[in-house]
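Since the structure comes first, as structure tokens, the remarks are kept for the end.
The values are calculated or read from the model by the stated rules, or taken from the named source; none is laboratory data. The model shown is predicted, which means the values in this text are computed figures rather than measured ones. Glycine also receives a Cβ, built like all others from the backbone with ideal geometry; neighbour counts cover every protein chain displayed. To get the accessible areas, we keep the full protein, side chains included, count just its heavy atoms, and leave off ligands, DNA and RNA. Shrake-Rupley method; radii C 1.70, N 1.55, O 1.52, S 1.80 Å.
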Amino acid sequence: MPQASVRVRVPFFDVDSSQRIHYTAMMRYMELAEHELMRTIGFPYSTTMLSLRFPRVHVSCNYRGAIRFDDILTVEAQVEHVGRSSWTIAFTGRLMPEGNVVTEGKMTMVVMDPETERARPLPDELRSALSQ
């Protein structure tokens, strides 16, 4: 299944009073990795399938270790499942340079027709790219 990764240096504004990452920041980092994955398979959201929408219907993240200001993370994204009208990406956050896993998450996107606001089947070309 397709995969991609991004590196992120945790900025000060992404930590809370405990000097650890605020939980919402990891969701943004996961989304950065998701967008890189979509570019990698030839479907950047900014220029392809503009007539469709891709709402997230499930997002989860388990935090396995502390992430602090100025830490460097590699966030890996890999397609985990391709369904009829949705796909799921699994994420792994690794603290660099050691590579220790500090987060694991998932995100499921649904293909939505913006006029009807109903799910619709994945376009064949997207299904093929996600499934390789």
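The rows are residues; the columns are (1) over 22 Å from MET26 (Cβ atoms); (2) open to solvent by less than 70 Å² (accessible area, probe 1.4 Å).
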position	(1), (2)
SER85	yes, yes
THR92	no, yes
GLY99	no, yes
VAL102	no, yes
THR108	no, yes
PRO114	yes, yes
ARG118	yes, no
PRO123	yes, yes
LEU126	yes, yes
Residue by residue through the stretch 1-27, note down the ones that are of a type in the set (A, V, I, L, M, F, W, C), crowded, with 16+ Cβ neighbours inside 10 Å and more than 13 Å from the chain's Cα centre (by Cα).
VAL8, VAL10, VAL15, ILE21
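Can you name every residue in the stretch 91-114 that is among the acidic types (Asp, Glu) and more than 19 Å from GLU80 (Cβ to Cβ)?
Hits for the stretch 91-114 are GLU98, ASP113.
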Within the stretch 39-56, identify whether any single residue is open to solvent by 90 Å² or more (accessible area, probe 1.4 Å) and touching a residue at least 40 places away in the same chain (Cβ under 8 Å), and answer yes or no.
yes
